[in-house]
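The values are calculated or read from the model by the stated rules, or taken from the named source; none is laboratory data. What you see is a predicted model, and the numbers here were worked out from it, not measured in a lab. In case anyone asks, the SASA skips ligands and DNA or RNA and just uses the protein heavy atoms, side chains included. Shrake-Rupley method; radii C 1.70, N 1.55, O 1.52, S 1.80 Å.
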Amino acid sequence: AYVHEQEKLSTEEYVYAQTYLNNVKAHLRKSVLNELKSEQTNISLSEQTLLNQLLPKPNSDEFVFFQNGTQDVNGLLLDSARNRSEIIDLKSTEQYLMQFKHIDKLLEQHQIQLI
């Protein structure tokens, strides 16, 4: 699953995701688990698995604005749909607009920040 650690979310996104998860769990306990037979209520998913299933996955084809960090990123490979590749360099503190699929690893490594 894509989002599975607090560090990949902003503080507000993490609080929202935790609140959402707790609300869904409470709702399911009240509406579904109470209706099931007692032997079926022992089924449980880990919180992490449940969170991963509930959070939407980013659309990797969408364009996003981002800012490079304090260090240049050299040699970012951009793959196109026409089997052509392009290599670009990102200068520090510059802003860019690019498809999410090209920068997701940089975001995970905290080299860039979405704006």
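The residues of segment 63-114 expose on average 72 square angstrom of accessible surface per residue, using a 1.4 Å probe on protein heavy atoms.
Entry note, segment 63-114: relative contact order of 49 percent, from Cα contacts under 8 Å with a spacing of 6+ residues. Just the protein heavy atoms count here, and of the accessible area of segment 63-114 at 1.4 Å, carbon and sulfur take up 46 percent. Remark on Leu78: its backbone amide H falls under 5 Å from those of Glu86, Ile87, Ile88, a criterion applied only to residues 5 or more positions apart or on other chains, H modelled at 1.01 Å from N.
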